[in-house]
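The values are calculated or read from the model by the stated rules, or taken from the named source; none is laboratory data. Remember, it's a predicted structure, so these values are computed and weren't measured experimentally. Don't worry about glycine lacking a Cβ; one is built from the backbone with ideal geometry, like all the others, and counts go over all protein chains shown.
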Amino acid sequence: MLRSPLPRILLLLAALLPAAAGLDLLLSPSEALACGGLFCDQNNGVVNQTAEQIIFSDNQDGTVTAVVQILYSGPADSFSWVLPVPGIPEVGISSNTAFARLQAATNPSYRLNTIIEGECNDDDLAFNDAEGVPEAEPEGEPEGGPGGVEVVGSGSVGPYDYEIIAVDPELEDLAEVAVQWLDDNGYDVTAIGPDVLRPYLEDGLNLIAFRLNKSSDAGSIRPVVLTYTTDHPMIPIRPTAVAVNDNMGIMTFVLGQDRAIPANYRHLQLNEAVINWFNPNSNYAQAINIAADESGGQGFVTEFAGASSAFVETVFSSEEEAIWQEIQDTDWAGREGELISLIMNNYRGFDGILDVITDQLPLPQDVTPEDYLGCFFCYEDLFQGEEIEGFDPVTAIAALETLVVKPMQDTKDLINSQPYMTRMFTTMSAREMTLDPSFLFNTTLGDVSNTHVADRVVECSLEFSQFDAPWRVDLGNGVVVRGQGQVWPFGVEGDMPANREIRQMDAEGEGDVIADNAMIIEQALAANNANFPSPGSTPVPTPDEGEVDACACAQSPARPTPVPLALLGLAIVALGGVLVRRR
């Protein structure tokens, strides 16, 4: 009665909830470190933490595994999460810690190496242009069902209970029946509505519905792992529009044999001149937003593409593996307190550890699991001595493996199972979620580094101190930005396009150019650079603005600047740059 599953993977990125999670980016000033010398430039790690993150792995056997992060704020009994899926997927859980580590390791960074040219009037004085800025604040068995709905799979994994339902394709309105069944069976789908699910059900897809089990609260929500029979990944972004703030960030990691590309969305190459290299966190999010707008709201920036072997130690390190092996191989009889201390010292920041504490540690009534996790060393006298009544090391280790360690190991193995990883990023608003993005692999494109380095040459003369002297920055490809003092001369609104180039990619080659903004950027640079001539040089005439082809860059109306909300796993790297004196 049921149609065969479509040969694709469809993953819903946002919980379809009456109380939607906060889904915006937070881009905060990077941390500054004092250093010696006249100038100290930072290795500015861009914190483009997103509300939604997903890992796809092409398993080379006709299946794709997807790890989908879920963010939710609200009461646990209101949590419902519904995804359209082909067939009956395998279901598991991962760890938010794994996502945080992978994201931090692949975040773009922008670093300026400062070169002193000539001699300023304060040549022997020390200045530091990296003034202190505040850190960001973190924030059973299948059953038949009535009314043409069949439960084709169900179970429990981690904090979730789930059911997979198939709807009789002969029904007059599959979506009405599905929504009614979900509502009747305790899934809060107020925000969904039949119109959202109808296209997927009519394509022959099933629905998998998650809710928190009775022993879990909203703080237990973890990423879900799904493995499907499919030929390439696809994100059903259209249903996401029912519960999304403007400019929701979407970060996608795709694992496979080659570099991944957006098949039906645009490939965006950022114009790095609009990024504030002195503090890229101040406008990187805005640059992505406008770059996406210039592609009609449907484009991805490739932030990293390269060998996945570089991240073999990222998610779960060899040291952590060795500690886990020690825990498993040791007889802890009479050493229970030592075991508890070892667990807390090494796993207290991992998903699932609170559940282990709650279920396994005999805490006194006046100490909650949250209290103990937040300051376990404050209660180190609770678990000392040769024997701890009510604590079984064997049971505790088994719980630790299931809830904490194995999800990290499985995610690590997934990343290491394929030789190549591509990280793509975009932001979208509800009105732009009209096309489900899909991804393919390109066999000819090269790597993309997430590390961006440029030289800033400070053009000293006795007229200036080094702090306010003119300078030039070579961004490569003939792009030179001139400025003075500690102010980056460009922003991302109005000055020039946020994209240097927009392409439509395919499985081979470099794709078709949709928009080439090189000339517009070149003329904007020339106009700006004429305002900052080198000491003793003749000012360069500003190009005639009439020469700029206003049609060379198709740009949609700018979207509103995203409102910063809470982020997870904030990682900012601030390192001293290279200082070279040249006369």
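Which pairs turn up if I take residues in the stretch 261-275 that are closer than 24 Å to F439 by Cβ and look for partners that are part of a loop (DSSP other than H, G, I, E, B) and acidic (D, E) with beta carbon separation below 9 Å, at least 6 apart in sequence or on another chain?
So the pair list comes out as I261/D506; A263/D506; N264/D436.
Can you tell me which condition I340 does not meet? The list is (1) under 24 Å from A398 (Cβ atoms); (2) β-branched (V, I, T); (3) modelled with pLDDT of 95 or more; (4) not in a loop (DSSP other than H, G, I, E, B), and all the others hold.
(3)
Check F377, F441, F391 and return the single one that is surrounded by fewer than 21 Cβ atoms within 10 Å (Cβ to Cβ), not charged (D, E, K, R) and not assigned by TED's automatic domain parsing to the domain that holds N345.
F441
List the number of the failed condition for M424; all other conditions in (1) of a type outside the set (S, T, N, Q); (2) in the same structural domain as F350 (by TED's automatic domain parsing); (3) closer than 22 Å to V312 by Cα hold.
The single condition M424 does not satisfy is (2).
Pick from A104, A98: which is over 26 Å from A178 (Cβ atoms) and touching an Asp or Glu at 6+ places or on another chain (Cβ under 9 Å)?
Selected residue: A98, the only one of A104, A98 that is over 26 Å from A178 (Cβ atoms) and touching an Asp or Glu at 6+ places or on another chain (Cβ under 9 Å).
Could you give every pair whose Cβ atoms fall below 8 Å, whose first residue belongs to the stretch 517-538 and is of a type in the set (F, W, Y) and surrounded by 14 or more Cβ atoms within 10 Å (Cβ to Cβ), and whose second residue is at pLDDT below 95 and in a loop (DSSP other than H, G, I, E, B), counting only separations of at least 6 or pairs across chains?
Note: pairs meeting the criteria are F532/P489.
Anything in the stretch 419-438 that is over 17 Å from Y284 (Cα atoms) and surrounded by 19 or more Cβ atoms within 10 Å (Cβ to Cβ)? List them, or say none.
Within the stretch 419-438, Y420, M421, T422, S429, E432, M433, D436, P437 meet the criteria.
Look at L462 and say whether it is of a type in the set (A, V, I, L, M, F, W, C), surrounded by fewer than 21 Cβ atoms within 10 Å (Cβ to Cβ), at pLDDT below 95 and within 14 Å of A273 (Cβ to Cβ).
no
Yes/no per residue for (1) under 19 Å from the mean Cα position of the chain (by Cα); (2) surrounded by 22 or more Cβ atoms within 10 Å (Cβ to Cβ); (3) not assigned by TED's automatic domain parsing to the domain that holds M428:
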| residue | (1), (2), (3) |
| --- | --- |
| I208 | no, yes, no |
| P223 | yes, yes, no |
| T229 | no, no, no |
| P233 | yes, yes, no |
| P236 | yes, yes, no |
| L255 | yes, yes, no |
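Would you point out which residue out of D474, D436, D468 is under 20 Å from the mean Cα position of the chain (by Cα) and of a type in the set (D, E)?
Residue meeting the stated conditions: D436.
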